[in-house]
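Worksheet: the structure to be examined is printed underneath.
The values are calculated or read from the model by the stated rules, or taken from the named source; none is laboratory data. Everything numeric here is computed off the predicted structure, so don't read it as measured data. Glycine gets a Cβ as well: all are built from the backbone with ideal geometry, and neighbour counts include every protein chain shown.
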Amino acid sequence: MVKVREDYALTKDGHIDIECWVNKIQAQTNLEDVDQFRRACEKSAEIDLQAFREDRLWAPGASSFRTGIEMAQVLVELHLDQASLVAAILYRAVREERVALAEIRREFGDEVAGLIDGVQQMAAISSIHHPLKGNVLGQSEGQLDNVRKMLVTMIDDVRVALIKLAERTCAIRAVKDVSPDKRMRVAREVFDIYAPLAHRLGIGHIKWELEDLSFRYLHETAYKKIAKLLDEKRLDREGYIKRALETLETELKAANIKGELAGRAKHIYSIWRKMRRKGIDFSQVYDVRAVRILVPDVRDCYAALGIVHSLWRHIPNEFDDYIASPKENGYQSLHTAVIGPEGKVVEVQIRTHKMHEEAELGVCAHWLYKGMDKGNKSAGYDAKINWLRQVLEWQEELGDLSGLVDQLRNDVTPDRVYVFTPEGHVVDLPQGATPVDFAYRVHTEVGHACRGARLNGRIVPLTYPLKTGDQVFILTSNNPAPSRDWLNSSLGYIQTSRARAKVTHWFKEQDRDRNIADGRAILEDEFKRLSIYDVDLNDLAVKVNHRNSEDMFAAVGAGDLKPTHVANAAQQMIEPRVHQLDLKLSGNRATPYDTESDIQIQGVGKLKTQVAKCCKPLPGDPIGGYITVGRGVTVHRQDCLTFLHLREYEPNRIIEVNWGGKPEAVYPVDIEIEAYDRSGLLRDITMVLSTSRSNVLALSTMSNPNDNTAMMTVTVEISSLEQLARLLAQIRNLPNILEVRRKRR
């Protein structure tokens, strides 16, 4: 973690010593006009002092001048030019209307004033980001215009985005001293908007700091727990890394490789994210012990990798070559994990000095502000700016802001798939993306005309999740028109907000009469499958915030209203005393756990539990249960030697347990399936039930040889109407299925 607040040299009267600070900055970077830089500091300090005298500070104890020089210090570390530093120093005074932008233009020139104006335009994102709900954006034309200006400014001069990142970095560093509401608002905005932006621009150390500091306030308990665990093992870890580095340094020198070696800090948010993503305990996060090797050139990277693998055994599936296949934001490095000294896992990163500079500074490593021709900008810089242009074009085409934050977040998730177009171009998409998402990523008209897909020479369903390395060929129709089924999330055709927005926009342009007819058909089909009858449609329309049934049908047909949302409301109207699933129709409530204990026991009724004295598990530890004779269930840590011994020699007495908390209520529901009989039909249906994690209570099937049909009745435990709708849709998509519906008891 970087140092949050810096101590500055002070004058005798207690103010920041400007001359001392200017000299410090001049030693760190090349100031073209020291007098102008000093004048900017003096003007900002003068404005700040006047505001203090008049009691017009923008926040209690706030200082526009101190904030300005803190921003400038961040920008110095990013190697920005003098105009950027001057703009940062004066920005807060202009934003708080202590000085007019026109006055700044007269005194410091058009370039500085233009940068400040651009950062002010970027501040518009704060006004449209909901402080409590996270990535929820407004829809007014004024807000749309502000975001367009923000994006245009970022594209024309990336320094604007970097100054704004510096400002938000200083803001999140300082929120410890503000009210809890403002602290949460700033943390949420930084986490949703600016940390992803820093990642996309490749500025690693800013991204990590923004993530860690915002995570500290958004998930305080988890942050403190991990920080404590890191601190407890810090001395042991540092000693271990020191010994590993000494071994590596000796071997590299013997091979005549000039390498710089250092331990690499694992950031708290990335540890928490890995624990959540993989469902593991802190002790299983192996790359907490990590080293980084910096070498002169690419050849040395692979030579160093060979030395590492010759010293210690490589862990299978834990090697990534981001040099041959860089990440989307330009990141390059070799990552490997080995079983190092004392049998402990160590992560090793190997890269050149230039790659390291790119990883830390991103777009800043490519930007020279004086005398740079457009042709001299690197491919990495152009790729980042082209991404911003794509976002801008999308917003202008749709006239809609609802997906902007999703686009920022989804485009920077670590789990991406990389697929090829027929021409061999690489397209990156979020994990789980389908051929429909790919088609809309290629071009809107390709998406509208999509009727099928061929992957690596074979036809696949449009719901097929793409995998890295697939070559995708979209089969198109001469009459472009997307399917309304694509908007039904339970069917799984679309996973990206971009594709969904394109389809929604297309249907909005169609005739209202057609939307009404299609919406009516969609709801009739949904109600039939879920066995929902005798609903007053006008009352239902009011319940889902529409004036009448025709407006409701039109909204469903246009994709503005989800069929599952309407079905939920209808279910509540029919059975108002029970949310979603009627206990009277569905039987008694079923819960798979012992609800009176701190520990949930899966698959059985109430049993007495006790914590094992050998390992003494604590809440949050991975645990397992052993059924004793007469003493209920003894709960062990899963890595307890006693438990591992019991699991090996008495596996029939091992039971799954989890830490307590109110379990999710589930209800038995009967599903009727009618299909043409075929070999493997029952296997396919049970596979869907298994992958959907639905607990099957009963299953019966009857075949009719006269018409070669089969009728099945399956009783499953369901927690919500949405889950039931998804399950019915998945079964309906199987071959030979004629009809699938919920059966009323």
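Of all residues in the stretch 61-95 being outside any helix (DSSP H, G or I) and out of contact with any Leu (no Cβ under 9 Å at 6 or more places or on another chain), which is modelled with the highest pLDDT? Even if it seems obvious, please write down each step before you answer.
Initial filter on the stretch 61-95 (outside any helix (DSSP H, G or I)): 61-63, 78-81.
If we keep only those that are out of contact with any Leu (no Cβ under 9 Å at 6 or more places or on another chain) too, we end up with 61-62.
Numbers: GLY61: 54, ALA62: 66.
Here the residue is ALA62.
Would you confirm, using the coordinates I've provided, whether THR691 is outside the structural domain of ASP281 (by TED's automatic domain parsing) and over 35 Å from the mean Cα position of the chain (by Cα)? Let's see the steps before the verdict.
Values: outside the structural domain of ASP281 (by TED's automatic domain parsing): yes; over 35 Å from the mean Cα position of the chain (by Cα): no.
For THR691, the condition - outside the structural domain of ASP281 (by TED's automatic domain parsing) and over 35 Å from the mean Cα position of the chain (by Cα) - is not met.
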For SER549, the lone unmet condition from (1) touching a residue at least 24 places away in the same chain (Cβ under 8 Å); (2) surrounded by fewer than 22 Cβ atoms within 10 Å (Cβ to Cβ); (3) touching a helix residue (DSSP H, G or I) at 6+ places or on another chain (Cβ under 7 Å) is (1)
Which of the following residues is buried (at least 16 other Cβ atoms within 10 Å of the Cβ), modelled with pLDDT of 85 or more and part of a loop (DSSP other than H, G, I, E, B): ILE172, ILE257, ILE163? ILE257
Where a residue in the stretch 254-278 is not assigned by TED's automatic domain parsing to the domain that holds LEU311 and its partner, wherever it lies, is surrounded by fewer than 18 Cβ atoms within 10 Å (Cβ to Cβ) and modelled with pLDDT of 80 or more, with Cβ under 7 Å and at least six apart: none
Six or more apart or on different chains, Cβ atoms under 6 Å: show the pairs whose first residue is in the stretch 328-339 and modelled with pLDDT under 80 and whose second is in a strand (DSSP E or B). GLU328/ASP428
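Based on what the data block shows, is ILE516 of a type in the set (Val, Ile, Thr), touching a Pro at 6+ places or on another chain (Cβ under 9 Å) and buried (at least 16 other Cβ atoms within 10 Å of the Cβ)?
No.
Would you call GLY452 modelled with pLDDT under 90 and either surrounded by fewer than 16 Cβ atoms within 10 Å (Cβ to Cβ) or over 17 Å from GLY559 (Cβ atoms) (or both)?
Details: modelled with pLDDT under 90: no; either surrounded by fewer than 16 Cβ atoms within 10 Å (Cβ to Cβ) or over 17 Å from GLY559 (Cβ atoms) (or both): yes.
No; evaluated as a whole, the condition is false for this residue.
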Complete set of residues in the stretch 698-714 that are surrounded by 10 or more Cβ atoms within 10 Å (Cβ to Cβ) and either part of a strand (DSSP E or B) or under 46 Å from the mean Cα position of the chain (by Cα) (or both): ALA698, LEU699, THR701, SER703, ASN704, THR709, ALA710, MET711, MET712, THR713, VAL714
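Listed residues LEU252, LEU201; which is modelled with pLDDT of 85 or more and in contact with a Gly (Cβ under 7 Å, 6 or more places away or on another chain)?
Numbers: LEU201 fails: modelled with pLDDT of 85 or more.
Checking each option against the conditions leaves just LEU252.
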Filter the stretch 460-483 for residues that are more than 17 Å from VAL419 (Cβ to Cβ), in contact (Cβ under 8 Å) with a residue 24 or more places away in the chain and surrounded by 14 or more Cβ atoms within 10 Å (Cβ to Cβ) and give the result. THR476, PRO480, PRO482
Can you tell me which residues in the stretch 186-209 are under 15 Å from GLU167 (Cβ atoms) and charged (D, E, K, R)? GLU189, GLU209
